[in-house]
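Colleague: Pasting a structure here, questions to come.
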Amino acid sequence: MASHLFRAFALAVAIAAVLSVTALTRADVDLWGHLRFGLDILDSGTLQSTDTYSFTSDRSWINHEWLSEIAIAGAWLAGGASGLILLKLVCILGALGFIGAALEEKGIRGRARIMLLGLTLVGLLMRVTHVRPQLFSVLLFAALIYIFVRSERGSNRTLLWTIPILVLWANFHGGWLVGVGTVGLWCAGATRQWARGNGQWAMGNLQWLIPHRTVPRAPCPSPIAHRPLPIAHCPLLIAVAAAVATLINPYGVGLWAFLIETVRFGREAIVEWGPAWNSWTTIGVWSCFAWLTFAALRRGTAQLTEHNPAALAIPIFWGLAALRVNRLDTFFAMSVIGLMAVPLASIFTRRASSPPMPLAWKAGGLAVAVLLLASLPATRKTFTCIGIHATWPEPDAVDFMRERQMSGRIVTYFDWGEYAIWNMPADLKVSMDGRRETVYSDRTIGGHLQLYRGTERGLAYLDGLHADYAWLPRQLPVVKTLQQRGWRTIFDGHISVLLAASNSVDSAASVPVRAGAPAPRCFPGP
């Protein structure tokens, strides 16, 4: 009885802890924009090809995350911040559910499955603290892992599910390129495996194509001569079909062209596009899963390659990729746990000779469980508030702009652009926001980076913008330079300053409005 009670409390504590940890949410720099653009799509029923929020946007808007933004807008309309947090929880718990189902397919249960799922959560946590489109990439990648494992225990027909998954993924997030690459690797391995067992059919089935000549062995022969090759009999054809299916999106081949142009190295200024070794936390998590990969290889290389060699190739590939672009570490983590689970499970399997847990330990565990469950109501804010850190601009600055009904052109800091789009008066157009290449050319992005540094090139670029205002972090080098050039401070805060151009009506203000230090607050602010 005591043992069952202990397990019940342990399960309750585990569920409460997972929910509390995963529900903790911070506002991402792009959340205001995703919500604004999603609401616009719902209101108009169409996707805008021309941006109306920025006065410097100089390319057609390819909104490759439009379906994510609709989901975010729908969650907001249904439940506000709590709806957004619930959407995030659905994606995280859904991903854990798919990995758990993959472990079940491999026959891993009990303590080993719990430990492996716990490690999966560790691998996810760094990338799921925000509500953003990447959540859907996490969920859909986990679904692919489950499909791969299921196909090993069934037939290659299961791989046909990769086609609708990639159609959805192509409309949710640009991470579908990860999906295409992973499906390609798996199907190439499955094709090689299939050809080993069925290659003897190739000669007979293809002889009719070239009479009286020797025909080389084909990797995906049809089991019935003179009939078209069924796609389910050749995994490589499934991979091709899944890749082509990503053309089912509002932009067609234009989405491919956009991502080929924009997804590249050289984005180290964005933290998540930098190498893993730039952050101790990131390299620590990466090292943990690299060790697990090594441990799995030591314990059972044959187990990993006896079915599909891609079970080894995929984790290694995404591990190396995550070392260079750290935002890929979630895919590394899920592929290690999902595809290398059998040898890893032996690490956590309880030995038969292990002594039972002492009664004192069980009693202590029950006491801790009771305390944790009793403190759960105190974490209610975790499920109702998306935190805006105190380092974000002062809400007084937004109130100042609204009260004066400011209009015109305002130079904005990159990270603050979508916050400004949501909060500022509608007649005030921003110069830059986090959408980057989706609406701005490299010239515009580069001009802003030079402007923030206060270089001669950046100041020349600013002159060409004919801006009325500039809202910038007060520590940027360009702030003092602008003040020396006649721009007047009309709002002065601990975090930001609002400057008016010398030819602006607001530049005549004699004393700038000063604001106190901002306090932590909840999304959407101001």
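Colleague: Residue check: is Leu84 farther than 20 Å from Ser346 by Cα, surrounded by fewer than 17 Cβ atoms within 10 Å (Cβ to Cβ) and of a type in the set (A, V, I, L, M, F, W, C)?
Modeller: In short, no.
Colleague: Still on this structure, I have one more. Take Ala75 and tell me if it is in contact (Cβ under 8 Å) with a residue 12 or more places away in the chain, over 18 Å from the mean Cα position of the chain (by Cα) and surrounded by 18 or more Cβ atoms within 10 Å (Cβ to Cβ).
Modeller: no
Colleague: Please enumerate the residues belonging to the stretch 271-305 that are at pLDDT below 80 and surrounded by 12 or more Cβ atoms within 10 Å (Cβ to Cβ).
Modeller: Hits for the stretch 271-305 are Val271, Glu272, Trp273, Arg299, Gly300, Thr301, Gln303, Leu304, Thr305.
Colleague: Here's another thing I want to ask about it. Checking the condition closer than 23 Å to Pro393 by Cα and at pLDDT 90 or above, which residue from Tyr440, Tyr461, Tyr452 passes? Write out each step before concluding.
Modeller: Numbers: Tyr440 fails: closer than 23 Å to Pro393 by Cα; Tyr461 fails: closer than 23 Å to Pro393 by Cα.
That would be Tyr452, the only listed residue that is closer than 23 Å to Pro393 by Cα and at pLDDT 90 or above.
Colleague: Next question, about the same structure. Which one of these is outside any helix (DSSP H, G or I) and on the phi < 0 side of the Ramachandran plot: Val122, Val128, Val90, Val138?
Modeller: Val128
Colleague: Within the stretch 435-464, track down each residue that is in a helix (DSSP H, G or I) and either of a type in the set (A, V, I, L, M) or outside the structural domain of Phe414 (by TED's automatic domain parsing) (or both).
Modeller: Those that are in a helix (DSSP H, G or I) and either of a type in the set (A, V, I, L, M) or outside the structural domain of Phe414 (by TED's automatic domain parsing) (or both): Ile445, Leu449, Leu451, Leu459, Ala460, Leu462.
The values are calculated or read from the model by the stated rules, or taken from the named source; none is laboratory data. Every value quoted in this text rests on a predicted model; they were computed, and no experiment measured them. Neighbour counts run over all protein chains shown; Cβ positions are idealised from the backbone, glycine included.
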